[in-house]
Structure formats: C-alpha cells, structure tokens
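Some notes on the structure that comes next.
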There are 4 protein chains.
Amino acid sequence: MIGIDDNEFIRGDVPMTKQEIRVLTLAKARITADACVADIGAGTGSITVEAALLAQRGKVFAVERKLEAIELIRRNVEKFSVANVEIIRAQAPDGLNDLPELDAAIVGGTGGQLDEILSALNVKLKVGGRIVVNAVTIQNVAKTLDWFGARGWTLDACQVQITRLRHVGQLDINQALNPVWIVAAEKIRGGNTGRHG
Amino acid sequence: MIGIDDNEFIRGDVPMTKQEIRVLTLAKARITADACVADIGAGTGSITVEAALLAQRGKVFAVERKLEAIELIRRNVEKFSVANVEIIRAQAPDGLNDLPELDAAIVGGTGGQLDEILSALNVKLKVGGRIVVNAVTIQNVAKTLDWFGARGWTLDACQVQITRLRHVGQLDINQALNPVWIVAAEKIRGGNTGRHG
Amino acid sequence: MIGIDDNEFIRGDVPMTKQEIRVLTLAKARITADACVADIGAGTGSITVEAALLAQRGKVFAVERKLEAIELIRRNVEKFSVANVEIIRAQAPDGLNDLPELDAAIVGGTGGQLDEILSALNVKLKVGGRIVVNAVTIQNVAKTLDWFGARGWTLDACQVQITRLRHVGQLDINQALNPVWIVAAEKIRGGNTGRHG
Amino acid sequence: MIGIDDNEFIRGDVPMTKQEIRVLTLAKARITADACVADIGAGTGSITVEAALLAQRGKVFAVERKLEAIELIRRNVEKFSVANVEIIRAQAPDGLNDLPELDAAIVGGTGGQLDEILSALNVKLKVGGRIVVNAVTIQNVAKTLDWFGARGWTLDACQVQITRLRHVGQLDINQALNPVWIVAAEKIRGGNTGRHG
C-alpha cells in the first residue's frame, strides 16, 4: 500500500509534506523493493516511512538536523513498524559521506545548501539512480533544473497544484494547497561531472 | 514500486490516465496486498496493471467495453507479467453483478452511467472499502460528490492540476495538463442506502 | 485605469473578491462607458467601484443585504469618488424588480438563491447583455453552467487559479489563492425562456 | 471597456497573449488615461491596442522586431481605431533609447535579452512607474524576480493558471492553458542602481 493519510502520522510543529506530494515524490523516485534510499531533510519522517514500506528488503537513511524532528521520525518509524530505517542526525551535506551507494535520494529540505547536497548525493548515487527534489520556491526550482541540466541528467519535472474539497454545510468548499515542484532526475553514465568536468 | 512511466505502457488511440493521476488514484484507493479491486472503464489497463502490482496476493477485475481497449489491457497485463488480473468485456454497470466482494473500485470512465455504476459497486463493496472516481467535467464531479454525500460516505476529494516542465533548447517550457478531480470515498456502516433509504 | 489594489479598499470582516478575480470578472462583463450594471452580493463594493469607473457615463446598482457591507460600500464609493452608484439594501432576488434595463450583471454572492437571481436578472437584461457569475463551489459552477446551457446562452467560462509570490527573506514563497470559476454568458435573442419555455 | 476577445484580433501565426493574461497584465501595469507606455515584444499588438484604449490621452510605443508581427500590429491598431500608438521596428533593447519618459512598460517577449531590456527600460521609467513582465519559463521568472529584488523595487507577482471550460456535447470539458507568471514591479526613489550601485 502507498498513500498513508497525513493525520495518521505523529506530527509536532514540524512541517510535513502533504500526502499527494509525498505519493508523487515516491513514485518519481521509483523505489524498488531492494532499494537503498536517502531522505534528506526528513522532517516528520512521513516520506521516510513510506519509502521504507516500498523498499521492503532495502534500506532508508533519514537525514535530519533538528532534534524535535528526529524524535518525530523515531516515533513514526515505530508507529508504522518499519525496521529498515536508519536515522542520521546531521545538517546535510554533512553526514552524506558515510552513506552507502544509493538507488534513490529524496531532497525535501536543503537549508540553503542545495548545490552541496546534490553534489554529495551525486557521489553516492548509482548510474540509473534517481534524485527527486521537492521545491517550493521559484529560485530553488530554477537552481535544481540548472544543476541537473548542466550534468545532462534525464529530467522528469512537474508542478503540482492540489486543491482539496472540504465540506462546509451542504457545500464543497475548495482549499488550494501551495504549488510544489517535483523535480526528478536520473543519473546517466558519464554525465556526472558537471559543466566544467 | 509504483509509478510506471506513461510511455512504458503499450498504447493505441485509447486515452490513458496520466502517470501522476494514476499514482494519486491508486494511493487514494488504499489498495492493500490482499485487496480485491475493480477497475471500471479500464482503457489501456494502466491502472489495472499498477493496481495488480499493489494487490500482489489479491485480484483486479478490469471492466471495459471497447474491443480495442480490451486488447491493449491484455497486452499490458502480459508486458508487466501480472497474473492476478481478470478482464471483463462489458459496458458497466453490466458485468458488475458477477464480481465478488470488493475492497476498492476505481471508476475511470462511466459512459454516462455514473449513478448506475456507483449503485452497482455499492452492492459489492465491503464496509470500509473505497471507491475512487476520476472526473474531468464539472458536472461529473458535482454528481459524484452528491452521490457520496447523500449516503454519508467519508469523502477525500481533490482537484489535481499538473504542469509538466519540458526542455526546449536551454529553457524549460511548461505544459499544463487538464485538471482532474479525484473523488475518493469510504463506505461507512449503515450509510449505504442513499437519500431515500 | 483598472485594477485597484486590494488594500486600497476599506475592508471590514466582509469577504472581498481578490484583485485578479475582480479584474477578470469586470473584463468578462464587457462594461462599456454607458453601461447599466447590477452588482449582486456587492460585499465591500470593490467590484461596484471598479464597475462604476468603467461605466463612466452609465450606472451601477449595488445590491447587498448585510448592513455592515452596505456601510463599507458607501465608504468605498466615497473614497473613490464614484458618483454613478446606487446602493440597494435587499436580499436578491428581492430588489431586482425595480432595476432598469441592464447591460451587464455580476453575481458575487447568491445566498443560496442562484436560480431565482438568474431568473430575475434575465428579465432585466438586454439581448446581447452579459451575466458574470463568480462561483467558488463545484455545485454552484455546475448549476450556473446548467442554467445558461438550458437557455442556449453563449458561454465564456474559466477556472482561475492565482498563486501569489511573497517575499520571505531572500526567497519568494508561493501562496495559492483558492480557485474561482468565472462563468460569463451572453443573452441571445429568443434564448431566454429556458428548457421548458 | 477592457477585455477584448482573443478572436476579435487579427492573428497570423504570431503567438498572442491570451485574453485573461492580457487583462491581468494591463491591470498590474496600472495604466492611467495620460500614461506613456512601452510594449516590448508586442507580437500581434493585442496588448498594445488595449493599453492604447486605457491610455486615451497618452501614448503607447509598440516595439517589435518581426516584420510579420509589425504588419499585424498595424492592422489591429487600425481595426480598433487607436490613434495613440507608435510602432517601432527594433529588437529590444535596441530602439528603447529613443523613447520618452515612461509611466509603464510591459515586457512580453525578450529574445533572451531580459537583463538588457530591463536596464534600458529602467533609464526611461519614472519613479513610481511600473514594469510588468510576462514570463512562461521558470528561468525567466527567477531572473526577473532577481533583477527587481536586487534593486529593491516593490514587487507584485503571481502565477496565473487559467482553465477554460468548453462545451463538448452536453458536457463541459476543461482545457488548461499553460501557466504564466505576471511579475509587476514599481520603481522606487533611489532604488534604481542595482546590486553594485
């Protein structure tokens, strides 16, 4: 199964990726049952948990710097009984050097270190592996597209605009969620050295 | 894994649900590994195939009236080696009477028979089961919301607007897909008799 | 000029049509300099004021039932010095009988009386005149489309989804406004009697 | 009046700004009756014509490099009988030096010269004047935001996603137009020297 409801996760004040975005992000990452996955800026661990359910025989590394979030990830991992998660407390790109080879990486939060994080993940990512970046600002979308474009990765990018319908009395009122860009890219052989490589 | 690329499916001139919509539809249907699922208006079989991959130990019934589409479903089922699919050639609600108890149903195409299809599915759907309707017209969204609302089902509905980014030279051009409404509803105990029940 | 900023209007707790929607609504109403216009559910009077600026030599009737809103309309009319506005305190369709022949009508709020309001406006509207309905629920969009469709009016309808970019520090954060449907329709000769006419 | 229908303009194969975007662009430019306006990359002249109708006692300069488009602008100016338009055949920023002081400038097409065009317009634009850029790529949106942000201009930017409803038989089918970003910015006193000024 995929698509756990937002309110099934234990949440504090840590922002959480909304269900629809989470599902699409995981789909674009093409996580197989044996995959080794990194979740950068794991927040509440909602993506970590669902990635771990998809990578049943694989492993998910949740990288997160905030102590409050680390605690939430721990509790959500426990609630959904996923045994294949390792939590790494670090501010990425710190902590990424110690990861094993990756099949996929999901970048939710970057703390302003997008370039450094993508470069560090690139070192670990197998050819044919995928990085999926969730961006909510035009600047980060543009930077992400530039980074992948400069290295010739195969892009699969979209903007997702979800409007939820809520009941108010007899009427269904719309509630627009802020748009999110999901930029997925696949690493190609020989394409990993960048513009000046 | 979930989220097969659109161009991996064998397609004719039959319209196909786009990947992003397919993934969200399947997530909203909450298909478990043992689920028994009906895919109404199965088209190319893209939802059928991914539902069958999620319901590994369950079963998916693909209901479709067009011969051309039936053939595509057959070929896609074969391509993705899913053994748990049964194709039913019928114009729904015809053919739904013979289905076993269902955990989930996905309604892609209705041929103008929305009410009749939902009523026939209701008979087969377990309490706690889910129907997910993909609607592309305001009228069908309104009718679907009304049908579920009148029966007190728990609604989880959203409009999805995907804009894909395509490369054109050095620039990323946007390409808006038409909005789709995904109306998911969960059947509640005692709530299945409708307005006049 | 068209397109007064939202924050230039005097506002209380009365909901106000956002600038982008206001501008598009006025454009779809095709208000000429001599037009006679009705603004139904006038709220703060933001549409009333801009309609009055467009209909320089014409007249705008603002119909509104809430006393608080009436006061806001009065103050905004004064602030923008538009002399060609008449405020009618009534819950539409009440109050519409006394209007003169109309070139255009804008329906912002309906208080659940959409059908009655459209029927009353129809009596007053010239052939070639336009009614523009702003709808925020699927049900009202569907009903509005049905009403005009049944009478054969020429439709010009769209969904508008505005996402504003706000500055937060160095970054531009998106802020999605709820989608609004703007349903404009032009009355045709002989088409005003409805389905059963 | 504002909001001429797309199909009232004479069109060739030159791309034309859609009505909804045109109307919002003109509103964000706050064109007064006495304004002096530049329309850069004027295309078919649809924005030029509507700007000229708003700036009744002012003037609109349409800057365009393609001969085919120049001819269309000429014909549309004639069709809508606007006397206050001057067409300049040039590839901007060429041709901008000869313009008088501007109250507003609209940038539709840039031919890859966004920076140069904004800098040239800046020289001509009065304090309190406005530049409105229509951008259809993430990269151009990001560059435009950066340019204005670096100079401290007051920003008013939004993404506009229009979905038109079309009739197909009894049903209303949606047709999504590609999203457009409308970035409006107001020049502030002393803020025109840029990052390194």
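FYI, it's all coordinate maths here, none of it is from the lab. Nothing here was measured: the structure is a model prediction, and the numbers come from that model. Heads up, the Cβs are rebuilt from the backbone with ideal geometry, glycines too, and the neighbour counts pull from every protein chain shown.
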* All lysines inside 18 Å of residue B:79 as judged from Cα atoms, apart from same-chain residues fewer than 8 positions distant -> B:59
* Centre separation in Å (Cα based) which lies between the stretch A:35-86 and the stretch C:2-58 -> 51 Å
* To do: For the stretch D:101-197, give the magnitude of the charge dipole about the Cα centre (Cβ charges: +1 Lys/Arg, -1 Asp/Glu; no others), in debye to the nearest 20.
  => 100 debye
* **Dipole of the stretch A:6-186, positive end: most advanced residue of A:111, A:88, A:12 [Cβ charges, Cα centre]** => A:12
* Structure fact -> Relative contact order of chain D (C-alpha contacts under 8 Å, at least 6 apart) in percent is 18 percent
* Asked: Residues in the stretch A:16-54 near a label at residue A:81, defined as backbone nitrogen under 14 Å from the 7 Å Cα→Cβ point?
  -> A:53
* Structure fact -> In nm, the gap between the two label points placed 7 Å beyond Cα toward Cβ at residue B:74 and residue D:32 is 7.4 nm
* Using the beta-carbon distance between residue B:175 and residue C:13 and R0 = 51 Å, what value does 1/(1 + (r/R0)^6) give for FRET efficiency, to the nearest 0.05? -> 0.80
* List the trypsin sites (Lys or Arg not before Pro) within the stretch A:1-84 that fall in a DSSP loop (any state other than H, G, I, E or B) and whose Cβ has at most 13 other Cβ atoms within 10 Å. => A:57
* Which GluC sites (Glu not before Pro) does the stretch A:77-158 hold that lie in a coil by DSSP with at most 10 other beta carbons within 10 Å? -> A:101
* Within the P(r) computed for the stretch A:6-186, what percentage of the Cα pairs occupies the region above 27 Å? -> 23 percent
* Structure fact -> With a Förster distance of 35 angstrom and the Cβ-Cβ distance between residue A:98 and residue D:168, calculated FRET efficiency to the nearest 0.05 equals 0.05
* To do: For the stretch D:149-181 and the stretch B:128-188, compute the distance between their C-alpha centroids and round to whole Å.
  => 18 Å
* When the helices in the protein assembly as shown are scored as -39500 (n - 2.57) per DSSP H run of 4 or longer and the sum is shared across all residues, what 222 nm value do you end up with, to the nearest 500 deg cm²/dmol? -> -9000 deg cm²/dmol
* **residue B:56 versus residue A:150: modelled label distance in nm, points set 7 Å from Cα along the beta carbon direction** => 4.1 nm
* **Three-way shape label, the protein assembly as shown, alpha-carbon gyration tensor, a/c 1.5** => oblate
* Hey, which aspartates and glutamates would be in cross-link range of residue A:124, C-alpha to C-alpha under 19 Å, not counting anything within fewer than 8 residues on its own chain? -> A:34, A:39, A:64, A:86, A:94, A:98, A:101, A:103, A:115, A:116, A:186
* Structure fact -> Share of Cα-Cα pairs in the stretch A:38-92 beyond 14 Å, whole percent, is 39 percent
